[in-house]
1. Quickly run through the range 1-45 and pick out the residues that are over 12 Å from S67 (Cβ atoms) and touching an Asp or Glu at 6+ places or on another chain (Cβ under 6 Å).
2. Taking the range 88-133, which residues are charged (D, E, K, R), near the ligand (Cβ under 9 Å from one of its atoms) and surrounded by 16 or more Cβ atoms within 10 Å (Cβ to Cβ)?
3. From V200, V214, grab the single residue that is buried (at least 19 other Cβ atoms within 10 Å of the Cβ) and free of Cβ contacts under 8 Å to residues at least 60 places away in the same chain.
4. Return the residue satisfying two criteria in turn: it lies in the range 23-44 and is within 19 Å of the chain's Cα centre (by Cα) and free of Cβ contacts under 8 Å to residues at least 40 places away in the same chain, and of such residues it is farthest from the ligand (Cβ to nearest atom).
5. In the range 203-245, which residues are out of contact with any Leu (no Cβ under 9 Å at 6 or more places or on another chain) and charged (D, E, K, R)?
6. For a quick check of your reading of the model, give me the residue pairs whose first member lies in the range 227-256 and is part of a loop (DSSP other than H, G, I, E, B), whose second is among the β-branched types (V, I, T) and within 8 Å of the ligand (Cβ to nearest atom), with beta-carbon atoms closer than 8 Å and at least 6 apart or on different chains.
7. Name the residues in the range 172-190 that are open to solvent by 10 Å² or more (accessible area, probe 1.4 Å) and either touching a Lys or Arg at 6+ places or on another chain (Cβ under 9 Å) or part of a loop (DSSP other than H, G, I, E, B) (or both), would you?
8. Kindly indicate whether any position in the range 289-303 is among the aromatic types (F, W, Y) and more than 27 Å from I16 (Cα to Cα).
Amino acid sequence: MRAPVTIAVTGGAGQIGYQLLFRIAAGDMLGPGQPVRLRILEVEQAMPALEGVVMELHDAAFPLLASVDTTADASVAFEGADHALLVGARPRGPGMERGDLLAANGAIFAAQGRAIQERASDRIRITVTGNPANTNALIAAAAAPDIPRERFSALTRLDHNRAIAQLSAKTGVAVADIRRMIVWGNHSATQVPDVTHAVVAGRPAVELVERSWVREAFVPTVANRGAAIIEARGASSAASAASATIDHVRSWALGTPEGDWTSMSVLSSGEYGVPEGLVSSFPVTCADGEWSLVEGLELDPDVRAQLDRSIAELADEGEQVRALGLL
Ligand code: NAX
């Protein structure tokens, strides 16, 4: 057996945490030969509920789960962490403006970024799921300037997986036979699901689906899926968000398959017209624990226009957090 890897998870008493922690402990994230230590960060008020989750983690008797610790102190949570999964965030409350939400989350992610820089292992990789995920990743990265910027990421894998599911349903081809899907931009309603490079059972997706379907059904369905889940379930996506977080880290740590790529939000170096320093979703391949941006793809005019809107939104969020002194 290999030495355990330390995984810090924030927001462990929340609904995503309730799915995520069990999948990690089962070995779904880093593989069946890799033991894990869980370090769970929560706010004080959520500690009693988190203790219940910990009891269940023990009761599942996962062979790969080396230890579980809980804390309300970020510097304890990130001590020696190899992966930080930043799921916990302040939800938007009644009467709360978007600026208030950015300020509340800015304070959380800046403090966590500082604690990660001070305490984490030098192998640390950070995945932000808590919303607004892209901008929260930007804030955490700004608070941790000594950590290489490519170690910070935000989750757009759920959007990527939703896009694959929609294309699978439309074409009748299994998800396993769909490759090269892309989601560009922000994890928000301006995101840009892009089928123009996708391959469905060996054939270009654009030969199998109409442009009108892409515009009128595919893009709006994927971009508004989160709202549709809330409408149906009375609560936001949790199991699928946890599953996507698992997929994101597994791809990053263990690699993407030959001939395929995935979508990850990472700090731009100016690729595809995304201004340097914004955290945007791009197609990436992963190998040996590192991601590489897929460059040189030609952008369809519809995709270009949608991506420009999403970039404008990311830039606006960036300006707001800069005005709050967080960048
Ligand atoms: P919940 O409200 O169920 O759980 C959040 C948990 O975080 C709570 O237990 C809370 O006490 C904890 N928390 C808050 N501040 C904290 C802090 N400073 N340190 C540690 N823990 C803290 O939300 P849940 O449904 O689990 O969603 C979590 C986040 O994921 C939300 O921001 C949500 O918007 C976001 N999502 C992101 C998605 C993505 O694709 N990027 C999709 C799903 C989800 O909407």
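1. Filtering the range 1-45 down to residues over 12 Å from S67 (Cβ atoms) leaves 1-3, 8-24, 26-34, 41-45.
Within the range 1-45, G12, A13 qualify.
2. If we filter the range 88-133 for residues that are charged (D, E, K, R), which is where we start, we get 90, 92, 97-98, 100, 114, 118-119, 122-123, 125.
Pick out the ones that are also near the ligand (Cβ under 9 Å from one of its atoms) and you get 90, 92.
Correct list: R90 only.
3. Details: V214 fails: free of Cβ contacts under 8 Å to residues at least 60 places away in the same chain.
One residue alone meets the criteria, V200.
4. Among residues in the range 23-44 that are within 19 Å of the chain's Cα centre (by Cα) and free of Cβ contacts under 8 Å to residues at least 40 places away in the same chain, the one farthest from the ligand (Cβ to nearest atom) is G27.
5. Hits for the range 203-245 are R203, E207, E210, R211, R215, E216, E231, R233.
6. From residues that are part of a loop (DSSP other than H, G, I, E, B), the pairs are A238/I16.
7. Hits for the range 172-190 are G172, V173, A174, R180, H187, S188, A189, T190.
8. Taking the range 289-303 first, the residues among the aromatic types (F, W, Y) are 291.
The next check asks that each one be more than 27 Å from I16 (Cα to Cα); those that pass are none.
Within the range 289-303, none of the residues are among the aromatic types (F, W, Y) and more than 27 Å from I16 (Cα to Cα).
The values are calculated or read from the model by the stated rules, or taken from the named source; none is laboratory data. This is a predicted model, so every value here is computed, not measured. Because the Cβ atoms are built from the backbone with ideal geometry, glycine has one as well, and the counts that use them run over all protein chains shown. Side chains included, ligands, DNA and RNA excluded: accessible areas come from the protein's heavy atoms. Shrake-Rupley method; radii C 1.70, N 1.55, O 1.52, S 1.80 Å.
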